[in-house]
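For reference, the structure discussed in these notes is given below.
Laboratory data are not the source of any read-out in this text; all were calculated from the coordinates shown. Model, not experiment: these values are computed from the prediction. Here Cβ is always computed from backbone atoms with ideal geometry, including for glycine, and neighbour counts include all displayed protein chains.
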Amino acid sequence: MALKSTIFKAELQIADMDRHYYADHSLTIALHPSETNERMMVRVAAFALFAQERLEFCKGLSDIDEPDLWAKDLTGAIDTWIEVGQPDERRIAKASGRANEVIVIAYGGRTSDIWWQGVRNKVERLRNVTVWSLGEEVAPALAALAERTMRLQCTVQDNAAWLGSETADAVSIDWTVLKAAANARPAAHGGR
């Protein structure tokens, strides 16, 4: 018998002063049986950092043809494709051909550095791909926020971001931009 996903619920308040985006989102997040709380909470942070009206969680680990998050336009074309983790260069190239904008958010400290060195040459040619690496302590700190029912607040200001909950202090989400897309939006976050 296959294991089922665990369902998490989150009420997420976003105040993104850099993009002038202020909204509340009710999220239902499926934690795949092979997924960690770290990865799930990095997905939630990615949602908060790139939130827009049509951004939604996808099947992710359950479907190799879908990213972790995406936003489609009114015709069904993929505007934004967001991958969390360390996808191989073929997956990134395929996403680059299917979406206007691809964002990869790597985490894991040293393992992310090793992954980036392995895919860098091929990924750097893809003009619509942005790659971030989260600070080494970010994913474990985000995992500490995980609860089956969460009330989260995300604040973004001056290229810095924090995600917190009613029961825990805010986590500073720091990142390094490993590769910026050639067609990056002017208001994109810059990290450090």
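Quick look at the values:
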{"quantity": "Sequence-separation-based contact order of the chain, relative, with Cα cut under 8 Å and 6+ spacing, percent", "calculated": "22"}
{"quantity": "Percent antiparallel among DSSP beta bridges (both partners in the range 14-120, rounded to 5)", "calculated": "60"}
{"quantity": "The chain: DSSP helices with Cα axial extent of at least 15 Å and average Kyte-Doolittle hydropathy no lower than 0.0", "calculated": "37-49"}
{"quantity": "Matching label, mean projected area of the Cα convex hull in nm² computed from the structure shown, candidates (i) 10.8; (ii) 11.4; (iii) 13.0", "calculated": "(i)"}
{"quantity": "Computed magnitude of the charge dipole of the chain (debye, nearest 20; Cβ of K, R +1, Cβ of D, E -1)", "calculated": "620"}
{"quantity": "Fraction of antiparallel bridges per DSSP, the chain only, in percent to nearest 5", "calculated": "60"}
{"quantity": "Percent of beta bridges antiparallel (DSSP, the range 66-106, rounded to nearest 5)", "calculated": "40"}
{"quantity": "Selection from A146, F57, A77 lying farthest towards where the dipole of the range 51-192 points positive, charges on Cβ", "calculated": "A77"}
{"quantity": "The range 1-95: translational diffusion in µm²/s, Stokes-Einstein, Kirkwood Rh over Cα pairs, 4 °C, 1.567 mPa s", "calculated": "90"}
{"quantity": "Sequence ranges 83-93, 67-77, ranked by mean other-Cβ count within 10 angstrom, highest first", "calculated": "83-93, 67-77"}
{"quantity": "Where labels lie 7 Å past Cα in the beta-carbon direction, separation of L3 and A170 in nm", "calculated": "3.4"}
